[in-house]
Amino acid sequence: MNEATARETPSRRPLGWVLLEFFGSMNLAISLLVIIAVASVIGTVLQQNQPYANYVLKFGPFWFEVFGWLGLYDVYGSGWFIGILGFLILSTGVCLYRQVPVMLREMVRFRTQVQLDSLRGFQQRAEWLLPGWDGERVTAEATSALRACGYRWRLQNYGDHRVAAGMRGGYHRLGYLFTHAAVVVIGIGGLMDGNLWLKLKEWRGQIAIERRDLASGEVPAISRLQPGTIPAFRGNVMLPEGSAANFVFLRLRDGYLVQELPFAIELKEFQVAYYDTGQPKTFISQVRIHDREHLGDQPLEATIQVNHPLVYRGYAIYQSDFGDGGSKLELSAWPLAGSRSEPLELKGEIGGTLKLTGSAGSLRVELDDFRLFNLLPEPDAKPGDRKFRNFGPSVGFKLRDAAGQAREYFNYMAPARLEDRLFFITGMRTRPGDAFTYLHIPAANNSPERFLKFNARVHDTERVRALLERATPAADKPEFQHDLNLVRANLLDLFVKGGFAAITERAKAVVPPDRLPEATKLYLSILRDTLAEIFLEILREEGVPVEQGVGAAEDAFFNDAVSALAALPDYGAPFFLQMTRFQQVEASGLQVTYSGGTTVVYIGFALLIAGVFIMFYTAHRRVWAWLAAEEGGTRLVLAGTSGRRQADFAREFARIEAVMARRFGVEPQPQPVPPTHL
Amino acid sequence: MAVTHEVMLESWDQPAPWRSLRAWDVLWGLLVLAGSGYAYMLYRPYMDGYEVAIQSGATLALIAWGLYWKPARAFTLVVTGLAVIALWRYGNDLGLRRSNFLLKYFLESQAAFMWMSTLYVLATLTYFGALLSRSDFTGRTATALTWSATVMGLTGLLVRWRESYLLGADIGHIPVSNLYEVFILFALITALLYLFYEDRHRTRAMGGFALLAISGAVAFLLWYTLDRQAHHIQPLIPALQSYWMKIHVPANFIGYGAFALAAMLGVAYLLRVAVEARQPTGLLARVLPPLELLDDVMYKAIALGFAAFTIATILGALWAAEAWGGYWSWDPKETWALIVWLNYAAWLHLRLTKGWRGAPMAWWAVIGLFVTLFAFLGVNMFLSGLHSYGTL
Ligand code: HEM
């Protein structure tokens, strides 16, 4: 098969021939297969097509540039990768071009020109001298035996001898042809569907990708594609319920293009159904297609589901994502920093911004995420237990200060039960991509109010002082009492500003090291007493009887509240945003594709399957009966070869031989019978 | 153990396949048709056109399998019998799996998988025992153990299929939907492929090696069950709710199973080469399977695996075209499937066009298993993508 590669190199050849030689060589083909395999790994190790900011964060500015230049953020669309694929197609094409004529000839040619010596050299052979048989009869019997064994044959009479050349399974060669043609066909189809066209247009300066965050209508013409300008694309659009769009976004590197559609898709309704476990069961978009030209005034109603796309005029529309379409929220902003404890009532919607002014200047609250369900691993579960719990609705938002710095928050609406106590959970992170750290606000009567009042009171220096003075039992040394109250107020202040860490810092600063543990313990216990008194006052105001001491629940609440207070300085927000009501508006993420190459690729698939099976499971087999008259009889030499599946053929040959032997009434010759395990 | 010419002659004078059908063959075909027809009557209201097509295809494939390889018939009948008993015992009450003796200790899917696991490990040891002791009886015992394990495994899968419906009509699905289930499928298919070659080549020398891969899968399964509790039946995420899953996944696992088998034969090959170099007359050199045999079966397994994997990848592409909006998205799982495929394409080219044989090809087959393993395990564990079903 590899005649071409094995041929020696003469001194001078035309360039075309050399190129043909190079591209058609088996070594190149095998190298390409391996190279593509290895290159493909890159794109699976490095997540592709992420926002470019993520890459900068990951690699630093220098390597970010280098990797970008190498096209590693979109390996499979990069010039070099497509180039290698092109090489493979070319190489396979050249291989086909050179092999096909040979193979077609092989398929139909009976090889009647064989030498006796070469037949005798075959591994599968038998030879008899048949006394009393004349050539005609031997020929007739041998050829009919061949036919009985499924072989077609052709007879050639050379005067002194005759050769009946039989063959079977000539179509085996089609296997090679189909398989390799399939590689070329699929490759071409794939290139048609790839982003080659966009690249070409971009290179010619006909389009430019847009990197700004614009509404679709504002995107300039240079970044817009009219329907039909490229033969294949794959774009996305997020449609809130009740809205319509006649375009999709094509993401490209760190920007996008707008591909216009010749029709509009309206999202009537988006539904998510859930299993009893809370996992999503189906995502369904009820859509209307508006297309005056083809549908008139009557829109087309359709349902799109995962695994059930809608194909309209060659455009396939898929359910691919979902999100928020501007859910309406009511929120209570509970102050965390001052002595005020009444919440500020707010209204907003996802995608919108609220402005708040506080002591720290003005803040922007960017509401960007609402979720109805949050199915998370059960926090109390043992590791490996695959239990999930639905933590209910949540709101995610960014808090941006005047300098533009933002922190992200993620608040659950309802309190969650953790270790048998209820908490409002709010997550915070300073950098996108980091894990959230969570603040657990203890809930009383399903409300964060008690904690927030407690917190406000702790901040209220006036009332704290009054309380301390009132609550302290009269002592014999009033100045000492005054000093103690000062210490208590100071410790409280430190705690409010910096948590427990601030207390230990202070201890370190004022106490000699040998007495440090003792002093810290004392400070903490003083602080705790102070906090307890404030807490008791809050309870009293609520009407909870505290004269007999507090119950276990209040005690636990107090401990949780102190932990939460200690964490507040790191929380970074001057308020706690509690979602009190919502009206969900869903959005459905639809993907619209148009791929002109699909049919081509599918034809390639069919060829590939047919080819592989023909190649593996059929074999081109040849059997020769060579016969010549000898004194008193005829000499018959039987020999055969198979291009594939030698072991099977050895057995088949033994059978042919046995059939012949029976017809001629001789013994089969045992030597070529294969050991059965082969 | 050469086959005599009489035997060959006997089976020779049968020019056309249909004329060579005997009463038993016809009976087999009719039996499968009847069974499939009955199942069709029972479940017709719940099947759509695609599923009816898949059932018809599976019926024909099963008939063909039994005609091509006789032991498949007894296997099918035993598995069907056991599964029917289990279904009959269950009725409509899943709770019986805790209380009914037969179900609890034998036919309930977890019990069946435990039997399968135990029997496969025993079979592995027995095969090696037979290899070293050269005892024919031990060898036959190993084969029997492997068959029994496979029967239990497939029965367990069928029963699990039913159990998933007993859990809730909307939860029911064919048990090839997560890593736990496909590992069982992997063990079964690898075992059946091995048993086929054992039968066709009339040697049990390769058994221990082939079963080693299965024992590895069993070890993973046990860890996955006991440590990760992965055996619970989970409802299907939307992306998997498609008839394509029924054909795409099994086709893939014929490929994986065949590649794993080839790799284990590669190990045997390399071992034998090493042994022959060191102690050409030692016990191992005498009992290990011969090199030509290993080379031949390794090639056949890779060829079969390649063909199955080609089909599976194409089915995957067709499914992707329906689920994700394009037949190819360079998602990590797809990409790794391509890598596996290209790897074996290169292997086949070297062998067929360059005539490479021997240790290098055996090494390559072994390394190929790691590539394959990454494609079917590593990708799910380490890489994210459409196949990890994070969101939709
Ligand atoms: C993605 C690209 C390719 C794939 C998937 C592929 C696949 C295959 C397969 C599966 C076989 C059959 C092995 C067997 O019969 O067991 C084969 C054989 C062969 N391939 Fe390729 N091939 C590719 C590219 C090439 C190229 C570029 C060449 C030319 C240099 C080539 C030349 C051959 C030849 C000469 C044979 C032997 C045919 C025979 O003996 O009947 N292949 N190929």
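The values are calculated or read from the model by the stated rules, or taken from the named source; none is laboratory data. If you're wondering where the values come from, they're calculated on a predicted model, not measured in any experiment. Cβ placement follows ideal geometry from the backbone for every residue including glycine, while neighbour counts extend to all protein chains displayed. Only protein heavy atoms, including side chains, enter the accessible area calculation; ligands, DNA and RNA are left aside. Shrake-Rupley method; radii C 1.70, N 1.55, O 1.52, S 1.80 Å.
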Just B:257, B:153, B:91 to compare: in a GNM of chain B, with alpha carbon springs under 10 Å, which one fluctuates most? B:91
Lys, Arg +1 and Asp, Glu -1 on Cβ, resulting dipole of the protein assembly as shown about Cα centre, debye, nearest 20: 3660 debye
Just to confirm a number: summing +1 for Lys and Arg and -1 for Asp and Glu over residues other than residue B:283 whose beta-carbon lies under 15 angstrom from that of residue B:283, what do you get? +3
Taking the dipole about the Cα centre of the protein assembly as shown, with the C-beta of Lys and Arg at +1 and of Asp and Glu at -1, give me whichever of B:72, B:382, A:158 is farthest to the positive side. A:158
Computed about the Cα centre, the charge dipole of the stretch A:326-584 from +1 Lys/Arg and -1 Asp/Glu charges at the Cβ has a magnitude in debye, to the nearest 20, of 760 debye
Across 10 Å bins beginning at 0, the whole-percent shares of Cα-Cα pair distances in the stretch A:327-412 come to 15, 39, 27, 15, 4
Checked the stretch B:332-376 with the C-alpha gyration tensor, a ≥ b ≥ c its square-rooted eigenvalues, rounded below a/c of 1.5, otherwise prolate if a/b is larger than b/c and oblate if not; verdict oblate
Computed E for residue A:419/residue A:553 - FRET, C-beta separation, R0 22 angstrom, nearest 0.05: 0.95
Just need the relative contact order of the stretch A:238-332 here, percent rounded to a whole number, with Cα pairs under 8 Å and 6+ apart. 20 percent
Accessible surface buried once A binds B (1.4 Å probe; total of both sides; Å²): 6000 Å²
Lys and Arg at +1, Asp and Glu at -1: neighbours of residue A:468 with Cβ under 13 Å from its Cβ sum to -3
For the pair residue A:102 and residue A:522, the simple spin-label estimate (label points 7 Å beyond Cα toward Cβ) gives in nm 9.8 nm
Would you mind computing, in nm to one decimal, how far apart the modelled labels at residue A:58 and residue A:368 are, each placed 7 Å from Cα along Cα→Cβ? 1.9 nm
Keeping every protein chain in place, order B:353, A:44 by accessible area at 1.4 Å, biggest value first, i.e. largest first. B:353, A:44
Once the Cα gyration tensor of chain A is diagonalised, semi-axes √(5λ) in Å: 84, 32, 25
In Å², rounded to a whole number, the accessible area per residue of the stretch A:326-584 with probe 1.4 Å is 54 Å²
Heavy-atom accessible surface of the stretch B:107-390: percent carbon and sulfur, 1.4 Å: 68 percent
Correct semi-axes for the stretch A:152-231, from √(5λ) of the alpha-carbon gyration tensor and rounded to whole Å with the largest first, are 62, 11, 8
Evaluated at q = 0.15, 0.24 Å⁻¹: base-10 log I(q)/I(0), Debye formula over Cα of the stretch B:41-148: -0.91, -1.17
Cα long-axis angle, helix A:598-617 against chain A (0 to 90 degrees, to the nearest 10): 50 degrees
Spherically averaged projected area in nm², based on the convex hull that wraps the Cα atoms of the stretch A:603-659: 5.2 nm²
What is the calculated FRET efficiency for residue A:47 to residue A:202, with r their C-beta to C-beta distance and R₀ = 25 Å, to the nearest 0.05? 0.60
Beyond 27 Å, the calculated P(r) of the stretch A:326-584 holds a percent of Cα-Cα pairs equal to 44 percent
The stretch B:148-217: C-alpha pair distances exceeding 19 Å, %: 42 percent
Residue-count net charge about residue A:363 - beta-carbon cut-off 14 Å; Lys, Arg +1, Asp, Glu -1: +2
Compute the long axis of helix A:52-69 from its Cα atoms, compare it with the longest principal axis of the Cα atoms of chain A, and write down the angle in degrees, 0 to 90, nearest 10. 40 degrees
Towards the positive end of the charge dipole of the protein assembly as shown, with charges on Cβ (+1 Lys, Arg; -1 Asp, Glu), say which of A:327, A:79, B:259 has the farthest Cα. B:259
Decide, for the stretch B:271-319, between rounded, prolate and oblate: order the square roots of the alpha carbon gyration tensor eigenvalues as a ≥ b ≥ c, take rounded if a/c falls under 1.5, and otherwise choose prolate if a/b is larger than b/c, else oblate. prolate
Inverse of <1/r> over all distinct C-alpha pairs of the stretch A:27-118, i.e. the Kirkwood Rh in Å, gives 16.8 Å
Could you please state how large a percent of the accessible area of the stretch A:326-584 is carbon and sulfur, counting protein chains only and using a 1.4 Å probe? 52 percent
Please list the three semi-axes, largest first and in whole Å, of the ellipsoid equivalent to the stretch B:180-274, using sqrt of 5 times the eigenvalues of its alpha carbon gyration tensor. 29, 17, 10
Translational D (Stokes-Einstein, µm²/s) of the stretch A:522-678 at 10 °C and 1.306 mPa s when Rh comes from the Kirkwood sum over C-alpha pairs? 59 µm²/s
Relative to the compact-globule estimate 2.2 N^0.38 Å (N residues), the Cα gyration radius of chain B stands at a ratio of 1.02
Percent of all alpha-carbon pairs of the stretch A:370-437 at distances over 14 Å, whole number, is 66 percent
Any idea what log10 I(q)/I(0) is at q = 0.33 Å⁻¹ for the stretch B:22-68, Debye with uniform C-alpha scatterers and no solvent? -1.18
Quick shape check on the stretch A:1-158: root eigenvalues a ≥ b ≥ c of the Cα gyration tensor, a/c under 1.5 is rounded, otherwise prolate if a/b tops b/c, else oblate, and it reads prolate
Would you calculate a helix-derived [θ] at 222 nm for chain A, using -39,500 (n - 2.57) for each DSSP H run of n ≥ 4 and dividing by the full residue count, to the nearest 500? -13500 deg cm²/dmol
Pop a pseudo-label 7 angstrom from the Cα along the beta-carbon direction at both residue A:211 and residue B:30 and give the gap in nm to one decimal. 7.7 nm
For the stretch B:138-268, the dipole about the Cα centre with charges only on Cβ (Lys and Arg +1, Asp and Glu -1), to the nearest 20 debye, works out at 320 debye
In terms of the ratio Rg/(2.2 N^0.38 Å) built on C-alpha atoms, what value belongs to the stretch B:234-392? 1.22
Between B:168, B:39, B:63, whose Cα lies farthest towards the positive end of the dipole of chain B when Lys and Arg beta carbons carry +1 and Asp and Glu beta carbons carry -1, centred on the Cα centre? B:63
Can you give the helix-only mean residue ellipticity at 222 nm for chain B, where every DSSP H stretch with n ≥ 4 adds -39500 (n - 2.57) and the sum goes over all residues, rounded to the nearest 500 deg cm²/dmol? -25000 deg cm²/dmol
Extension gain, residue A:389 back to residue A:355 (0.36 nm per residue minus Cα-Cα distance, nm): 8.8 nm
